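Peer 1: Structure in structure tokens, see below.
The values are calculated or read from the model by the stated rules, or taken from the named source; none is laboratory data. Everything quoted here is computed from the prediction, not taken from an experiment. Glycine also receives a Cβ, built like all others from the backbone with ideal geometry; neighbour counts cover every protein chain displayed. The accessibility values were calculated without ligands, DNA or RNA, using every heavy atom of the protein model including side chains. Shrake-Rupley method; radii C 1.70, N 1.55, O 1.52, S 1.80 Å.
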Amino acid sequence: MTGFTGAELIAAMSSLGAGIAMVAMIGVGIGIGFNAGKTVESTARQPEAQGTLLKLMLIGVALTETAGIFALVIAIMLLFANPLMP
Amino acid sequence: MEVGPRIIFSIGSVNFTETVIFGWIISIIILIFAFCATRNMQRVPKGAQLLGELLVGFMYKMVKDTMGEIGEKFTPYMGTLIVFLGFGSMLGLLELRPITADLNCTGPLALISFIMIHYNSIRARGFIGYNKHMASPYLWMWPLNLMSECMFPITLACRIFGNIFAGVIVMTLVYSGLETASHALGSPIPFFQIGFPLPLNFWFDMFEPILQAYIFTMLTMVFIATGRTVDED
């Protein structure tokens, strides 16, 4: 067992944490896919409402994306602006 | 890898970063364009005047479609927002750092939107009505509603920041990877950087900025419009 310093341990664990944080994107992908699929379905059923549906879809996608963006911000913080690093 | 915006110069303890300088430059360019487009106006528009009229007409139509008749007085703010955020995020095309890849740029803009939403909500509903809405459906929901309202500017700022900043990181990695690849082939010139990153440039520096600026503006409009509706009961 070779020794390592506390800073090295924190760096290694932060990198792992950044990777684990991005797992949140699974949910975002499913959510956005569901959203887009339903929009396609609605457009096929009522093609004249396409403009409104597209606008609503973009808002929905933006709101769904928020969770993933928070995960991304946390991952970026862990990698580049780590508050735990001594 | 350097990720933060570089400090160009500082006066005393006040640092002027790339974000501030590019923000000023973009504002000045937009001002000059607006000035040139409105001098010597013709009945049949052409050139800069035509472009300006297209943009202004598009914004008025979009805001009116989203917010209804009341939206007319909000159009100048929304138009400024979409143009500033759009051009600010597209700076990556010029090999500069996009100003929206900095929370110090998006945060204040989101805060302005937040203040506008609540100011207009109080004005339209009255102080009593505003508090009644915040305390719906039950009185003990008031602090929870306040928390969910306060999350709005944070999510708004983080959304555009996260998207554009992720684009910056990906573009930096791609360009340095292509440089390494062309050096590995023994060429002093990073010739792989010619043409290959174009689709990524198109996605991260043109499509994403337009989409994110549109979403920022659209969410502000939607929340102002819903904040102004007076409950019937």
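Peer 1: Residues of region B:61-120: accessible area per residue at 1.4 Å, in Å²?
Peer 2: Value returned for region B:61-120: 46 Å² of accessible area per residue.
Peer 1: Let me spell out the model: positive unit charges on the Cβ of Lys and Arg, negative unit charges on the Cβ of Asp and Glu, origin at the Cα centre of chain B. What dipole size does that give, in debye rounded to 20? Intermediate values should be presented prior to the final figure.
Peer 2: Working: 13 positive and 15 negative charges, 122 e Å.
Around 580 debye, computed over chain B.
Peer 1: For the protein assembly as shown, count the residues as N, evaluate 2.2 N^0.38 Å, and divide the Cα radius of gyration by that value, please.
Peer 2: This ratio for the protein assembly as shown stands at 1.16.
Peer 1: Run the quick spin-label model on B:Met206 and A:Ser15: label points 7 Å from Cα toward the beta carbon, then report their separation in nm to one decimal.
Peer 2: Distance between the two pseudo-spin positions: 3.7 nm.
Peer 1: Let me ask something additional. Tell me, what is the Rg over Rh of chain B, with Rh the Kirkwood radius over Cα pairs?
Peer 2: My calculation puts Rg/Rh at 1.06.
Peer 1: State which helices in chain B qualify, where a helix is a whole DSSP H run, it must extend 27 Å or more along its own axis by its Cα atoms, and its mean Kyte-Doolittle hydropathy must be at least 0.5. Kindly include the intermediate steps, with their values, before the conclusion.
Peer 2: Numbers: long enough: B:18-38 (30 Å, 2.24); B:48-67 (28 Å, 0.64); B:103-134 (34 Å, 0.37); B:142-184 (62 Å, 1.00); B:208-228 (30 Å, 1.02).
The qualifying helices are B:18-38, B:48-67, B:142-184, B:208-228.
Peer 1: Highest mean first, how do B:74-84, B:98-108 rank when packing is the count of other Cβ atoms within 10 Å averaged over residues?
Peer 2: Working: B:74-84: 18.2, B:98-108: 22.9.
Top of the packing list down: B:98-108, B:74-84.
Peer 1: Would you mind working out the magnitude of the charge dipole of the protein assembly as shown relative to its Cα centre, with +1 at each Lys and Arg C-beta and -1 at each Asp and Glu C-beta, to the nearest 20 Debye?
Peer 2: Roughly 720 debye for the protein assembly as shown.
Peer 1: For B:Ile8, which sequence-distant residues (separation of 5 or more, or a different chain) have an amide H within less than 5 Å of its own amide H, given hydrogens modelled in the peptide plane?
Peer 2: Amide H to amide H, under 5 Å and 5 or more residues apart or across chains, B:Ile8 pairs with B:Phe16, B:Thr17, B:Glu18.
Peer 1: Applying 1/(1 + (r/R0)^6) with R0 = 30 Å to the Cβ-Cβ distance of A:Met77 and B:Met151, what FRET efficiency is obtained, to the nearest 0.05? Please list the in-between numbers first.
Peer 2: Details: r = 18 Å, r/R0 = 0.60.
The computed FRET efficiency comes out at 0.95.
Peer 1: Further question: Which whole DSSP H helices in chain A pass both tests: a Cα extent of 15 Å or more along the axis and a mean Kyte-Doolittle value no lower than 1.6?
Peer 2: Working: long enough: A:6-21 (22 Å, 1.32); A:25-45 (30 Å, 0.50); A:50-80 (42 Å, 1.91).
Membrane-span-like by this criterion, though nothing is claimed about a membrane: A:50-80.
Peer 1: What figure in square angstrom, to the nearest 10, would you give for the accessible area of A:Glu48 with a 1.4 Å probe?
Peer 2: Counting only protein heavy atoms, the figure is 150 Å².
Peer 1: Nearest 0.05, what FRET efficiency do B:Ile128 and B:Glu72 give at R0 = 30 Å with Cβ-Cβ as r? Don't jump to the answer; show the numbers that get you there.
Peer 2: Values: r = 27 Å, r/R0 = 0.92.
Efficiency, from the Cβ-Cβ distance: 0.65.
Peer 1: Just name one of B:Ala213, A:Ile69, B:Ser176: the one whose Cα is farthest towards the positive end of the charge dipole of the protein assembly as shown (beta-carbon charges, Lys/Arg +1, Asp/Glu -1).
Peer 2: Of the candidates, B:Ala213 comes out farthest on the positive side.
Peer 1: Give me the number: length gained by fully extending B:Lys46 to B:Ile112, i.e. 0.36 nm times residue separation minus the C-alpha to C-alpha distance, one decimal in nm.
Peer 2: Answer, rounded to one decimal: 20.3 nm.
Peer 1: Related question: At 1.4 Å probe size, with every protein chain present, just tell me what the per residue accessible area of region A:20-80 comes to in Å².
Peer 2: 59 Å²
Peer 1: Next up: Between the chain alone and the structure with every protein chain in place, find the residues of region B:193-225 that drop at least 30 Å² of accessible area; heavy atoms, 1.4 Å probe.
Peer 2: With the partner chains in place, region B:193-225 has these residues losing at least 30 Å²: B:Tyr214, B:Ile215, B:Met218, B:Leu219.
Peer 1: Carbon and sulfur: what percent of region B:75-233's accessible surface (1.4 Å probe)?
Peer 2: Solvent-exposed carbon and sulfur of region B:75-233 make up 76 percent of the total.
Peer 1: Still on this structure, please answer the following. Once fully extended, how much extra length lies between B:Val230 and B:Leu198, figured as 0.36 nm per residue of separation less the alpha-carbon to alpha-carbon distance?
Peer 2: Extra length available between B:Val230 and B:Leu198 comes to 6.6 nm.
Peer 1: In region B:7-228, if the dipole is taken from +1 on Lys/Arg beta carbons and -1 on Asp/Glu beta carbons about the Cα centre, which of B:Met141, B:Ile26, B:Gly186 is farthest to the positive end?
Peer 2: B:Met141
Peer 1: Got a number for carbon plus sulfur as a percent of chain A's accessible area, 1.4 Å probe?
Peer 2: 74 percent
Peer 1: Please compute how much accessible surface disappears when A pairs with B, both sides summed, using a 1.4 Å probe, and round it to the nearest 100 Å².
Peer 2: Working: alone 6250 and 14240 Å², together 19060 Å².
So the total buried area for this chain pair works out to about 1400 Å².
Peer 1: For B:Ile30 and B:Leu139, calculate 0.36 nm times their separation in residues minus their Cα-Cα distance, and state this gained length in nm to one decimal.
Peer 2: Between B:Ile30 and B:Leu139, full extension yields 34.5 nm more.
Peer 1: Add -39500 (n - 2.57) for each DSSP H run of 4 or more in chain B, then divide by its residues: what number comes out at 222 nm, to the nearest 500 deg cm²/dmol?
Peer 2: -23500 deg cm²/dmol
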